[in-house]
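To keep things clear, I will list the structure first and then write my remarks on it.
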Amino acid sequence: MVSTFDILIKDGLVIDGTSRPGFKADIAIKDGKILGVDDFSSSPNARTIDASGMVVSPGFIDMHSHSDVHLLINPLAESKIRQGVTTEVTGNCGSSPAPIAEENLELFKRRYGPLAEEIPWDWRTFGEYLDRVQGNGVAVNVAPLQGHGTIRIAVMGYDNRQPTSTEMERMQDLVAEGMKAGAFGLSTGLIYPPSCYAETQELIELCRVVARFGGYYSSHIRGEGRTLIDAVKEAITIGERAGVPVEISHHKAWGRDNWGKVKETLKLIEEAQSRGVDVTCDVYPYTASSTGLGASISPWAHEGGIEKMLERLKDPETRLRLKREMEAQDQAGWDKVLIAQCEENRDHVGKTIQEAAQSRGMDPYD
């Protein structure tokens, strides 16, 4: 029987995360821990919080976060805490801040743009990165994933080819090291270089290592538009053959012509579940998506990293080829692509690409 406590949250509707209906109850807390959920009388010197008419729930889990380096810059994580998020799953879409190979450090840092200048990069292994987060203090619980793209950069840079047997073994070793250090699994971003250069079998072999440690595979799949169905099938195949649970990130059908395909992909997920494959998906509750503009440029143009891509963009023939390839992709019109962040051209922030182009008298592709 709970007798004394520090805080009493009274008369709230408790939603406890077990899927049962909400119920009215009080919550007694002492020394930062819940002592009981029941009907309590006030305790001497306890702070009482009136939660009548409100919902009381455990902290929310953000299943798809990219806060890996932000937590080092702002460990208080107010933007999440104030929304009730108390656990973040980081390292999604194939991108994590570790492991890093010294010889590819500068190549790797370019992925983070201006953010890279705000952190010390004084770690190399996944374990050292986690120690840095812990030592810096952090207001949320963190469930980190290793990024396949990061591991590939550490071993192969931005090479558009399949790994040699030696490189494959090195990537497997890095996955194992990360899992031992505390990673929850492996993520891929299969529309982003260099993850997009990997074939399915490479991912299966790496996920077999993840399976040995009880982790899971999270994937920004290989296309969410016209290739959505095949991309979901690939994610399920990886889980089935590697014996690892699969989480399909931000599941959706992208582009008006593909709306409705989720009916088929959800059926694929249910069929896989029925034969014993542990596969789930997450979604976001808004009608937009968010990524870098580089994702609209063909993967071959990214080989060698950002500097090489910029060199290619300066060549008129290459620009024309890329424009034609972009026109053939199932992407939204430039009047629907909103610029959310642009450090060097802040006057464009809040405009669409179409509006920014018109203000400069330029073609939207340019």
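The values are calculated or read from the model by the stated rules, or taken from the named source; none is laboratory data. None of these values were measured; they are calculated from a predicted model. All Cβ positions, glycine included, derive from the backbone under ideal geometry; neighbour counts span all protein chains shown. These accessible areas exclude ligands, DNA and RNA; they are computed on the full protein's heavy atoms, side chains included. Shrake-Rupley method; radii C 1.70, N 1.55, O 1.52, S 1.80 Å.
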Relative contact order for the chain, counting Cα pairs under 8 Å that sit 6 or more residues apart, in percent = 11
One can check that the equivalent ellipsoid of the range 197-237, built from the alpha-carbon gyration tensor with semi-axes equal to the square roots of five times its eigenvalues, has lengths in Å, largest first, of 21, 11, 7
Report, by chain and number, residues whose modeled amide H sits under 5 Å from the one on VAL85, excluding near sequence neighbours (fewer than 5 apart, same chain).
-> PHE60
How large, in Å, is the range 302-366 by the Kirkwood hydrodynamic radius built from its alpha-carbon pairs?
-> 13.2
May I ask for the Rg/Rh ratio of the range 55-125, computed from Cα atoms with Rh as the Kirkwood radius, given to two decimals?
-> 1.05
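Within 10 Å of each candidate Cβ there may be at most 16 other Cβ atoms; applying that plus a DSSP loop requirement, which trypsin sites (Lys or Arg not before Pro) in the range 273-324 survive? Don't jump to the answer; show the numbers that get you there.
Numbers: sites: ARG275, LYS308, ARG312, LYS314, ARG319, ARG321, LYS323, ARG324; in loops: ARG275, LYS314.
Passing both the DSSP loop test and the Cβ count: ARG275, LYS314.
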With the Cα gyration tensor of the range 1-115 in hand, convert its eigenvalues to equivalent ellipsoid semi-axes via √(5λ) and list them largest first in whole Å.
-> 41, 15, 12
1/(1 + (r/R0)^6) with r = Cβ-Cβ of GLU343 and ARG161, R0 = 25 Å, i.e. FRET efficiency to nearest 0.05, evaluates to 0.15
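Would the range 142-253 count as rounded, prolate or oblate if I go by the C-alpha gyration tensor, calling it rounded below 1.5 in a/c and otherwise prolate when a/b exceeds b/c, oblate otherwise?
Numbers: a/c = 1.63, a/b = 1.20, b/c = 1.36.
Oblate, since a/c reaches 1.5 and b/c is not below a/b.
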Rounded to the nearest 20 debye, dipole of the range 103-196 from Cβ charges on Lys, Arg, Asp, Glu = 240
What is the Å³ per residue value for the convex hull set by the Cα atoms of the range 135-195?
-> 103
LEU293 accessible area, 1.4 Å probe, all protein chains in place, Å² to nearest 10 = 100
Net charge dipole size for the range 1-126 [Lys, Arg +1 and Asp, Glu -1 on Cβ; Debye, nearest 20] | 240
Three principal axis lengths of the range 75-224 [C-alpha, angstrom, descending] | 45, 32, 31
Within the P(r) computed for the chain, what percentage of the Cα pairs occupies the region above 27 Å?
-> 56
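Set the bar at 23 Å for Cα to Cα. Now go through LYS109/LYS323; LYS261/LYS336; LYS252/LYS336 and name every pair that lies beyond it.
LYS109/LYS323
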In the range 178-219, what GluC sites (Glu not before Pro) fall in a loop by DSSP, with at most 13 other Cβ atoms inside 10 Å?
-> GLU199
Checked against the positive end of the charge dipole of the chain (+1 on Cβ of Lys and Arg, -1 on Cβ of Asp and Glu, about the Cα centre), the farthest of VAL155, PHE184, GLY255 is GLY255
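How big is the dipole moment of the range 236-366 about its Cα centre under a simple scheme where the beta carbon of each Lys and Arg is +1, that of each Asp and Glu is -1, and everything else is neutral? Debye, nearest 20, please.
Working: 18 positive and 23 negative charges, 44 e Å.
I would put it at about 220 debye.
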Please calculate how many Å² of accessible area the chain carries per residue, with a 1.4 Å probe and no DNA, RNA or ligand atoms counted.
-> 54
With every protein chain in place, the accessible area of SER41 for a 1.4 Å probe, in Å² rounded to the nearest 10, comes to 100
Once all protein chains are kept in place, THR188 shows an accessible area at probe 1.4 Å, nearest 10 Å², of 0
Along each principal axis, Cα extent of the range 245-366, largest first, Å = 54, 31, 26
Which residues make up the longest stretch of the chain that has no chymotrypsin sites (Phe, Trp or Tyr not before Pro) in a DSSP loop with at most 13 other Cβ atoms within 10 Å?
-> 1-258
